[in-house]
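These notes concern the structure reproduced below.
The values are calculated or read from the model by the stated rules, or taken from the named source; none is laboratory data. Model, not experiment: these values are computed from the prediction. Quick reminder, even Gly has a Cβ in these numbers, built from the backbone with ideal geometry, and neighbours come from all protein chains shown. These accessible areas exclude ligands, DNA and RNA; they are computed on the full protein's heavy atoms, side chains included. Shrake-Rupley method; radii C 1.70, N 1.55, O 1.52, S 1.80 Å.
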Amino acid sequence: MARIRVLVVDDHRIFAESLAAALAAEQDVDVSAAGSGPAALRALERAAGEGRRFDVLLIDADLGTVGPDVAHVPAQSRGPGQDGSGQGEGAVDGISLVARVRTGHPGVRTVVLAERDDPRRAAAALQAGAGGWVAKDCSLSRLLSVIRGVLRDETHLPPALLTGVLRELTAARKHRTESERLVESLTPREREVLRCMVAGLGRKAVAERLYLSPHTVRTHMQNVLGKLGVHSTLAAVALARRAGVGPVDLAGDVVERGGQLA
């Protein structure tokens, strides 16, 4: 019998304990737990290194709002995700964890467990890569059905959320299309400057990277803000991300010298 490896990621101790115990009773499920995003990421890396990767992560939608790494499961259900060492680590919320799992461990499926229906957050979870959004008070049989479904590349949502999620996804797509149009109005050099902004580089760093003067970079940044119709670097970065603009590769070679694209 092929066994399903599940990692419960939740900082609510009682809930994590109960869910892990219930899942561990299934003949084809192995379950571990992590009480924070960083602990979950460590568990994924450790499991992958041992050749025993997880199949599904069940992630608390409100992860990080209670306290880091306080989840606990019984000894017989304890696994590599439960090390209790998350104190002092940077918080990783549930939807951010979904995105990081999709990027770093694309073969692992994720399901978000929520205490309340929220079409906007459910849509964000799906966009981040989640395979499902499930109520925390659903039945065990329903949760097991979702776990097995996402392993077949199915997407699971409560019927009551479907209309709202579709509305949110449609609005996001329309917003993204407008953002893409604005980004396309930039010159190649302005797009390169925007990518530097997305990477968090300041004016001096951008000037050094592109071999331009700080004054020229300032002009390019002002042009970027004007063409995008925003008034701050933060707003420009948010719009760029909606349009799918990624950060410049800080580890790669410096872009072309001189002012050829200026």
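Using a Debye calculation, one point per C-alpha and no hydration shell, please list log10 I(q)/I(0) for segment 9-69 at q = 0.22 Å⁻¹ in order.
So the normalised log intensities are -0.92.
For ARG167 and PHE15, what is the calculated FRET efficiency with R₀ set at 25 Å and r taken between the beta-carbons, to the nearest 0.05?
0.25
With labels modelled as points extended 7 Å from the Cα through the Cβ direction, what inter-label distance (nm, one decimal) is found for GLU184 paired with ALA238?
In this crude spin-label approximation the distance works out to 2.4 nm.
Just to confirm the filter: which trypsin sites (Lys or Arg not before Pro) across segment 111-212 are DSSP coil and have at most 11 other Cβ within 10 angstrom of their Cβ?
ARG116, ARG152
With r defined as the distance between the Cβ atoms of THR177 and ALA25 and R0 fixed at 35 Å, what FRET efficiency is calculated, to the nearest 0.05?
Result of the calculation: an efficiency of 0.15.
Label segment 105-145 by shape, choosing from rounded, prolate and oblate, from the square roots a ≥ b ≥ c of the eigenvalues of the Cα gyration tensor; if a/c is under 1.5 it is rounded, and otherwise prolate applies when a/b is larger than b/c, oblate when it is not. It would help to have the intermediate numbers written out before the result.
Numbers: a/c = 3.03, a/b = 1.16, b/c = 2.61.
Note, shape of segment 105-145 comes out oblate.
Label-point separation (nm) for ARG52 and ALA2, each offset 7 Å from Cα along Cα-to-Cβ?
Result for the modelled spin labels: 1.9 nm.
Please list, by residue number, every one of the GluC sites (Glu not before Pro) in segment 1-59 that is coil in DSSP and has at most 14 other beta-carbon atoms within 10 Å.
In loop regions of segment 1-59 (DSSP not H, G, I, E or B), the sparsely surrounded GluC sites (Glu not before Pro) are GLU50.
Tell me, what is the FRET efficiency for ALA199 and ARG120 to the nearest 0.05, using R0 = 22 angstrom and their Cβ-Cβ distance as r?
0.20
Carbon-plus-sulfur fraction of the accessible area of segment 95-198, 1.4 Å probe, in percent?
52
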